[in-house]
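Below: the structure, in structure tokens.
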Amino acid sequence: MNLIALAARNVNRNRHRSLVTIGAMTFAGMIMILYASLMEGLFLSTERNALAMNIGELQIHVKGYRDDPDLYTKIEGSEKIISKLAANGMTASPRLFGFALAAAGISSAGVQLRGINLELESKVTRIHEHVYKGEWLNRVDMKGVVLGRKLARTLSVNVGDELVIVGQAADGSMANDLFQVKGILKGVGEEIDRGGFYMLDTSFRELMGLTNGIHEIVIVRDDKTVEIEQVTDKLSAIFPHYEVLNWRKLQPLIAEILDLSDINIYIMLFITYIAVAMVVLNAMLMSVFERIREFGVMRAIGVGPWQLFSLIYTETLIQVCIAVVLAFIFGLPLAWYFQLNGIDLTQFISGMSFGGIAFDPIWRAELTQRSVMAPLVTLVLIALVAVLYPAIKAAVIQPVKAIHYR
Amino acid sequence: MAGEVHTNNPAIKDIVRLESVSKVYQQGQLEVRAVDNVSLEIDTGDFCALCGPSGSGKTTVLNMIGGLDVPSSGQVWLENHNLARLSRSELASIRRDRIGFVFQAYNLIPVMTAYENAEFVLRLQGVPESECHEQVMMILDEVGLKGMEHRRPDEMSGGQQQRVAIARAIVTRPAIVLADEPTANVDSATADALLDLMQKLNQEDGVSFLFSTHDQRVMDRARRLIRLRDGRIESDEARR
Ligand SMILES: Nc1ncnc2c1ncn2[C@@H]1O[C@H](COP(=O)(O)OP(=O)(O)OP(=O)(O)O)[C@@H](O)[C@H]1O
Ligand SMILES: [Mg+2]
């Protein structure tokens, strides 16, 4: 009879205790898979929202534009740049920005005019899918605009209402025109919610008297497996006269929160698993102490200390392996359920945003390799650490004392 | 531990030799001399009993011979080994390869069958399963457990369990079997049967035995009877 078979029988011997131990480990593993998946989901959706609504993955500006967004600080020849980007496996869209005053009835507000290229913008962001009321821009309604949610409230406008825009055109003259609200956006992030004012690039040029040049190029990678930092370096080399930044630099806060999410998951794992460690420690200590005599006899007839140590470890490994398999079997569908259905938080929060980033009111889990592996691997490690003391206890038993132990 | 070093060498007359062995236990403030300056030799092939009142030091002597306990002074020799010179793991190997232990009770590993218990030490020695089989079946037959190979300890009587322990002790062909009150927990008929068995193994297979006992029947059958009192040898008589 080998060690593994003996260990298996010992696990089976006190079946209730083993079941409780395995159950506790399974439960913790399962919950942690769910938790890790929910956290992944939260942060992925945050990332997606922030990146997919507005920022994209990389942006190109004229150096200094971000500090002082001036109407005249323009990128010229953007078509060439965009086709060069396309040749490098990237999709890009040009944007125009300007500041103006919007007025409707007795309300008015400062707005950030966003002149977008309708076709290209939809390839780099998903803002067009986030219309709450009315519809997105189209080529036919030249005077149609889409507003951020809070801005619409400030201006007390609804879909179909008219707006007056007043600003300073490129030539210094007064720019003003009448626009019609085509759509109002969902909450997508503080910046856009409060000041987002989307219009066609052609309308923007007409209003502001800007014949050529753009202010920003938004870029996404076609192949997401390419390292973003690598891409940034490459593009910086291709366009040395412009400022090329990736989203980590553009939104350092988001990048930091996402980095913290890793730590967050591990801290939570650690805390939950301390309880598991206690259960394992307690169970294995009990099982060692009630077998002191047996171990004494085993030592007396020639079993070495390391063999007893391995026996205790093998018994624990058997239990933790069963728990890992069960946690996988039950945890995966559990997390999957929450990935499909999510947790509806609309009752508690609506249009919640944090640091200018929008959160989805439906909190969905996101099963990733890490959200499954991290809880399971940590579970095994914790159990192996917890059983160290009982295993040493068994290994250092003195046969004489153990045999006469009561 | 290499097997060939420990063959039952008839050239070694004494399997066990104790030279002025003492064992002192500290019981709180009190010093207890469990074994007090005992010198003793045990011949190959002997069937020897240690007797004496409770607390006279029988178990302590057996434990020191088996390398389970260390003398406070004096030396214990087993075959050619001075046990004090051996490391823990070397002692474990000596116990595994050269000594058969039979304790008063609870000798067996509860989750193993009679067969697996009897086979256990052989497997520890690294004997392949296929080679074990024949030997184990033969020994179990010899100790009268034919047909009970698949019973777990809790499915056997105390006497049957002791038989398994004896089978386990002798299946490895040890230099000596150390048995600490092997008959104390069984009824007298069973005790007689166990003694018959051990006597037979001694006479037919030449296995050396050293018992500790209170049991008059064991003493009656012993070829040599050593009486201990207060840790000292009170008398040492050869019989028959
Ligand atoms: N671990 C120990 N610590 C302290 N004292 C001990 C220890 N083991 C044995 N003793 C003492 O040593 C003496 C001899 O004990 P031992 O067990 O060898 O006697 P024994 O002859 O086997 O007795 P019994 O017939 O009751 O089994 C006793 O006085 C006992 O109390
Ligand atoms: Mg005793």
**Message:** Looking at the structure I just gave you, is B:Gln162 in contact (Cβ under 8 Å) with a residue 24 or more places away in the chain and surrounded by 18 or more Cβ atoms within 10 Å (Cβ to Cβ)?
**Reply:** yes
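Can you tell me which residues in segment B:99-117 are β-branched (Val, Ile, Thr) and either touching a His at 6+ places or on another chain (Cβ under 6 Å) or within 7 Å of chain A (Cβ to nearest Cβ) (or both)? Even if it seems obvious, please write down each step before you answer.
Applying the first criterion (β-branched (Val, Ile, Thr)) to segment B:99-117 yields B:99, B:102, B:109, B:111, B:113.
Residues satisfying the conditions are B:Ile109, B:Val111, B:Thr113.
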**Asked** What are the residue pairs meeting all of these: first residue in segment B:68-97, first residue within 14 Å of B:Gln125 (Cα to Cα), second residue part of a helix (DSSP H, G or I) and of a type in the set (Gly, Ala, Ser), Cβ atoms under 9 Å, and 6 or more apart or on different chains?
**Response** B:Arg95/A:Ala300; B:Asp97/B:Gly3
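Yes or no, residue by residue, for (1) crowded, with 18+ Cβ neighbours inside 10 Å; (2) under 30 Å from B:Gly55 (Cβ atoms); (3) at pLDDT 90 or above; (4) within 14 Å of another protein chain (Cβ to nearest Cβ):
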residue	(1), (2), (3), (4)
A:Pro333	no, no, yes, no
A:Met352	no, no, no, no
A:Val372	yes, no, yes, no
A:Pro375	yes, no, yes, no
A:Leu379	yes, no, yes, no
A:Tyr389	no, no, yes, no
A:Ile397	yes, yes, no, yes
A:Tyr405	no, yes, no, yes
**Scan of segment A:122-153 for residues that are of a type in the set (D, E, K, R) and in contact (Cβ under 8 Å) with a residue 40 or more places away in the chain, ordered by number** = A:Lys123, A:Arg126, A:Lys133, A:Glu135, A:Arg139, A:Asp141, A:Lys143, A:Arg149, A:Lys150
**Fill in**
Residue hits (segment A:5-43; within 14 Å of chain B (Cβ to nearest Cβ) and among the aliphatic types (A, V, I, L, M)) are A:Ala5, A:Leu6, A:Ala7, A:Ala8, A:Val11
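Would you confirm, using the coordinates I've provided, whether B:Val127 is touching a Phe, Trp or Tyr at 6+ places or on another chain (Cβ under 7 Å), within 13 Å of chain A (Cβ to nearest Cβ) and not in a strand (DSSP E or B)?
On the way: touching a Phe, Trp or Tyr at 6+ places or on another chain (Cβ under 7 Å): no; within 13 Å of chain A (Cβ to nearest Cβ): yes; not in a strand (DSSP E or B): yes.
Answer is no for this residue.
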**Asked** Residues of segment B:176-195 being more than 16 Å from ligand 2 (Cβ to nearest atom), at pLDDT 85 or above and out of contact with any Lys or Arg (no Cβ under 9 Å at 6 or more places or on another chain), which ones?
**Response** B:Val177
**Request:** Out of B:Arg152, B:Arg123, B:Arg95, report the one residue that is buried (at least 19 other Cβ atoms within 10 Å of the Cβ) and among the basic types (Lys, Arg).
**Result:** B:Arg95
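Residues of segment B:192-213 being within 16 Å of ligand 1 (Cβ to nearest atom) and more than 14 Å from every other protein chain (Cβ to nearest Cβ), which ones?
Our first condition is that a residue be within 16 Å of ligand 1 (Cβ to nearest atom); within segment B:192-213, this holds for B:210-213.
B:Leu210, B:Phe211, B:Thr213, listed by residue number.
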**Prompt:** Just wondering, is there one or more residues in segment A:43-53 that are modelled with pLDDT of 90 or more and either open to solvent by less than 10 Å² (accessible area, probe 1.4 Å) or in a helix (DSSP H, G or I) (or both)?
**Reply:** no
**Asked** Out of curiosity, is A:Met284 under 30 Å from B:Asp69 (Cα atoms), without any contact (Cβ under 8 Å) to a residue 60 or more places away in the chain and open to solvent by less than 40 Å² (accessible area, probe 1.4 Å)?
**Response** no
**Request:** Find the strands (runs of 3 or more DSSP E) located wholly in segment B:155-240 whose residues include 1 or more that are among the hydroxyl-bearing types (Ser, Thr, Tyr), and list them.
**Result:** B:208-213, B:232-238
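The values are calculated or read from the model by the stated rules, or taken from the named source; none is laboratory data. As the structure is a prediction and not an experimental result, all values here were calculated from the model. Cβ sites come from the backbone with ideal geometry, for glycine too, and all protein chains shown count toward neighbours. Quick note on the areas: whole protein, heavy atoms, side chains included, nothing else; ligands and nucleic acids left out. Shrake-Rupley method; radii C 1.70, N 1.55, O 1.52, S 1.80 Å.
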